[in-house]
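*Asks:* Take this structure, written in structure tokens, and hold onto it; I'll ask about it next.
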Amino acid sequence: MKCFFENFYKQLKLNSFLFFKTCALFFLLISSSLFAQEKCDCNQFLVVEKLELLQKKDSIKQFELIKKLKNSRFKICQYEGISLDFQFYNSQLQFKKAYGLLQEQEALLNNIDCNNDFLFKLVYNKARYYHATNDFEKLSDYAFKALAEAERLSDAEKEIKSIQELVYLFTRLNEDEKNWKYIKRAQQLILGLKQPELYPHYYTWLAFQYENKYTITEREPLIDSTLIFINEAKKGAFKYHLFDEITKCYRVEEACSYHRGELENALIYADSAIYYGKKVEGYKNLHGLYLSKAWNHLDLGQFNEASKWMDTSLFHVKNKQTAASMMLYSEAAQIYENSGELDKALKSYKVYSKLKDSILNSKKLESINELEIKYNKAKDIQKITSLEKTKQLYLFLIIGSLLTILTIVFYFRQRSLKNKQKILEIEQRLNRARINPHFFFNAMASLQRLAQQEKSSQTTLYTSRLAKIMRQSLENTYEEVVTIENEIDFLTQYLEIQKLRFPNKFEYQFHIDNDLEINELKIPGMLTQPFVENTIEHGFKGIDYKGKLDINFKQRNNQVMVIVEDNGVGFNSIENKKTHKSRAMQIIKDRLFLFNKQHKSNAFYEIVDVNKKGFKIVITLPKLY
């Protein structure tokens with residue numbers, strides 16, 4: 001019995017050991033899995049917090065965050081920390097330290113398993129470095145690499161950042177056509193971002209580009225778009241107290257006021273921009289704000305003030321070896337010259353010329369163009385490869401599409417044959433309604449001669465007008481469309497005849513839009529007459545007051561509207577009294593059906609306000625010339 005318990009105890013001990021060992025291995029695997037997932041993601045701070053740190057230029061909090069990230073046990077967090085460290089030193093123009101951090105970041109990236117997901121940050125940082133150091137050739141190289149990487153990741157924000165670098169590059173090289181193409185591409189991406197208040201820096205950037213485009217083209221709608229983008233940027237900038245972005249907003253508003261000649265307002269916006277700019281620690285663009293003040297004072301004829309603020313602008317230039325400084329000295333030369341200080345103007349122009357020769361040269365431009373061609377070529381190759389992969393799929397789709405098309409063609413052919421048959425039937429009905437115009441004209445001429453023999457002027461006038469309108473109406477049956485002017489003339493003749501029949505019974509008036517080209521625009525002939533006749537014969541019948549008929553010709557967008565309105569007994573009363581079927585309405589429907597088929601339009605008429613006193617018809621037609 002004792003041996004049995006000893007063996008049982010040993011077996012239990014062995015099983016327990018195996019159980020705990022299995023649990024430990026399982027826990028280790030889970031931990032490794034979680035670690036592997038976490039090491040490719042370092043969300044140790046929110047987007048808004050990061051944005052506030054970068055925008056407020058709070059160096060103490062930035063260094064606290066950088067230190068926290070660099071001391072993390074996760075390599076990817078260390079990588080993020082180095083990236084933020086680089087951004088700080090690069091913004092402070094400490095290029096030696098910034099370049100060392102780039103090398104450190106690149107070395108660390110090679111030891112990260114998921115380095116493909118974070119290659120963008122390295123090439124983008126390099127683009128930013130060469131942006132700051134004015135090496136346009138290398139900036140072009142890394143900006144295009146960053147854009148290609150962003151496209152591979154399908155990341156809109158990364159694409160926007162890459163495009164911003166390319167826009168800066170082409171702006172400095174005065175490549176306006178290329179510049180605008182990339183701006184519009186970035187605009188589409190920016191407008192597609194969710195929670196736009198988190199991205200005021202993108203909207204201020206977009207506003208700057210539109211304002212700059214206005215200075216080149218002077219197209220007024222560009223200013224309107226600029227202000228729309230600025231209003232969107234202000235929402236996020238004031239919400240999160242981003243003084244850097246608020247400064248930029250006022251800077252753009254100053255520029256817009258300047259372009260519109262509102263110089264006093266421009267000075268107010270410039271002062272607001274300077275006020276918020278001074279709140280930002282290390283704000284490096286104060287010289288641009290003082291330059292704006294100088295231009296405003298110059299245009300106001302305040303030359304001493306203009307020269308003073310230009311001096312202040314040049315005093316705040318921290319790095320004179322940049323493309324921005326080059327443009328600043330170019331504008332300084334203009335301001336000093338117009339202010340009468342020719343010695344300062346000459347000195348500024350010499351500095352500008354020297355900077356221009358050192359920053360821009362033809363060899364650099366050629367290299368940049370070659371890099372863009374390489375980027376586009378690589379993109380084309382990628383598209384070709386993708387097309388090859390989907391070639392077989394397209395083959396199956398083509399076969400399926402052909403079968404579908406045959407089915408659709410058969411269906412529409414049958415439908416077309418039915419429509420043609422219907423059109424032929426309608427044309428036959430309309431042709432039966434036509435009578436030789438000479439028959440009517442000769443008959444009316446005979447009546448007119450008879451009336452003259454009886455010496456009745458009223459009968460002669462009546463017969464003459466009736467002959468004219470009859471000839472015109474019958475001839476119009478052979479014209480598909482007539483000008484609005486002709487239609488109005490025809491209706492006038494017709495209404496005058498009716499007034500002879502019903503003296504003092506009604507009055508009429510035409511209302512025509514001032515900008516309506518009645519001698520050019522065309523409508524179906526005699527389309528309005530049946531409705532006018534309906535009003536006189538039925539609408540005014542039995543009324544104890546004077547009838548009023550208004551005929552309106554209006555245009556709305558690409559449509560012409562003819563509105564016939566009266567104060568008669570109303571549609572319902574007319575319908576109740578009718579004892580025969582109206583052929584005129586059916587003919588109008590048939591004519592509009594044919595008209596729509598011939599012109600591929602959607603002309604129609606409708607009866608409105610049928611429950612009120614009077615009768616109102618609205619005919620909607622397309623614009624035809």
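*Asks:* Quick check: with the 1.4 Å probe, what order do LYS178, LYS597 take by accessible area, largest first?
*Replies:* Sorted descending by solvent-accessible area, the residues read LYS597, LYS178.
*Asks:* Based solely on C-alpha atoms, express the radius of gyration and the Dmax of the stretch 95-149 in angstrom.
*Replies:* Reported Rg and Dmax, both Å: 11.2, 33.
*Asks:* A further question on this structure: The stretch 167-305: D in µm²/s via Stokes-Einstein (Kirkwood Rh, Cα pairs, 25 °C, 0.890 mPa s)?
*Replies:* Result for D is 158 µm²/s.
*Asks:* With charges set only on the Cβ (+1 for Lys and Arg, -1 for Asp and Glu), what does the dipole of the stretch 300-349 come to about its Cα centre, in debye to the nearest 20?
*Replies:* With only Lys, Arg, Asp and Glu charged at Cβ, the dipole is about 240 debye.
*Asks:* Mind ranking 296-303, 497-504, 309-316, 396-403 by how tightly packed they are, going by the mean number of other C-beta atoms within 10 angstrom, highest first?
*Replies:* Result, highest mean Cβ count within 10 Å first: 309-316, 296-303, 497-504, 396-403.
*Asks:* Put a dot 7 Å past each Cα toward the Cβ at GLN103 and ASP513; how far apart are the dots in nm?
*Replies:* 7.2 nm
*Asks:* Mind putting a number on the dipole of the stretch 75-138 about its Cα centre? Charges go on the C-beta only, +1 for Lys and Arg and -1 for Asp and Glu, and I need it in Debye to the nearest 20.
*Replies:* It comes to approximately 180 debye.
*Asks:* Okay, moving on. Assuming R0 = 41 Å, what is the FRET efficiency of THR215 and GLU281, from their Cβ-Cβ distance, to the nearest 0.05?
*Replies:* 0.85
*Asks:* Hey, another quick one. Quick check on the stretch 188-268: what are the equivalent-ellipsoid semi-axes from the Cα gyration tensor, as sqrt(5λ), descending, whole Å?
*Replies:* Here the semi-axes work out to 22, 16, 8 Å.
*Asks:* If you don't mind, another one. I'd like the distance separating the alpha-carbon centroids of the stretch 176-209 and the stretch 393-417, in whole Å.
*Replies:* Between the Cα centres of the stretch 176-209 and the stretch 393-417 lies a distance of 43 Å.
*Asks:* Using a Förster distance of 51 angstrom, determine the FRET efficiency expected from the C-beta separation of ASP343 and LEU227, and round it to 0.05.
*Replies:* With R0 = 51 Å, the Cβ-Cβ based efficiency is 0.80.
*Asks:* Which GluC sites (Glu not before Pro) in the stretch 177-251 pass both tests, a DSSP loop state and at most 12 other beta-carbon atoms within 10 Å?
*Replies:* Passing sites in the stretch 177-251 are GLU218.
*Asks:* Rounded to the nearest 10 Å², what accessible area does TRP180 have for a 1.4 Å probe in the complete protein model?
*Replies:* 50 Å²
*Asks:* Across 10 Å bins from the origin, how do the percents of Cα pairs in the stretch 462-523 run, short distances first?
*Replies:* It works out to 20, 44, 31, 5, in whole percents.
*Asks:* A follow-up question, please. So for each of 554-567, 123-136 I average, over its residues, the number of other beta carbons within 10 Å; can you give me the resulting order with the highest mean first?
*Replies:* 123-136, 554-567
*Asks:* Suppose the chain between LYS613 and GLN598 were pulled fully straight at 0.36 nm per residue; how much longer would it get relative to their current alpha carbon spacing?
*Replies:* 1.7 nm
The values are calculated or read from the model by the stated rules, or taken from the named source; none is laboratory data. All figures in this text were calculated on a predicted structure; none of them were measured in a lab. As a convention, Cβ positions derive from the backbone with ideal geometry for all residues, glycine included, and neighbour counts pool all protein chains shown. With ligands, DNA and RNA removed, areas are computed over all heavy atoms of the protein, side chains included. Shrake-Rupley method; radii C 1.70, N 1.55, O 1.52, S 1.80 Å.
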